[in-house]
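The values are calculated or read from the model by the stated rules, or taken from the named source; none is laboratory data. Everything numeric in this text was worked out from a predicted model, so none of it was measured. Because the Cβ atoms are built from the backbone with ideal geometry, glycine has one as well, and the counts that use them run over all protein chains shown. Accessible surface is based on the protein model in full, side chains and every heavy atom, while ligands, DNA and RNA are left aside. Shrake-Rupley method; radii C 1.70, N 1.55, O 1.52, S 1.80 Å.
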Amino acid sequence: MVILMLEQYLPFVALIIFGNIENLVLSSQGVVAGVNPIKLAIASFICVGSWLAIGTFGTQMLIDYVSFIEFIGGLAIFILGAQAMITSIRGE
């Protein structure tokens, strides 16, 4: 039963992995910027919980569009990561 439930999420594995890496990059950027770590942690938990709910229900409704969703999600992760790294390198 559990394996059958996990099969529907297999097309999104790359997005899940890179999304978590992106969350780490953005969190480290917040720490470098001097953001209060407690507020940053609370905001991160809220965002991760929201995305978990959206992803769980959205996957069930939009499974036919998995290729399109994965491309857009990967592109967004790439752009946000590049933006975070450029900002970090510039020291802004």
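Which of the residues spanning segment 17-46 are under 23 Å from THR56 (Cα atoms), open to solvent by 70 Å² or more (accessible area, probe 1.4 Å) and without any contact (Cβ under 8 Å) to a residue 12 or more places away in the chain?
The answer is ILE17, ASN20, LEU24, ILE42, PHE45, ILE46.
Exposed (fewer than 15 other Cβ atoms within 10 Å of the Cβ), within 13 Å of the chain's Cα centre (by Cα) and small (Gly, Ala, Ser): does that describe GLY74?
Yes.
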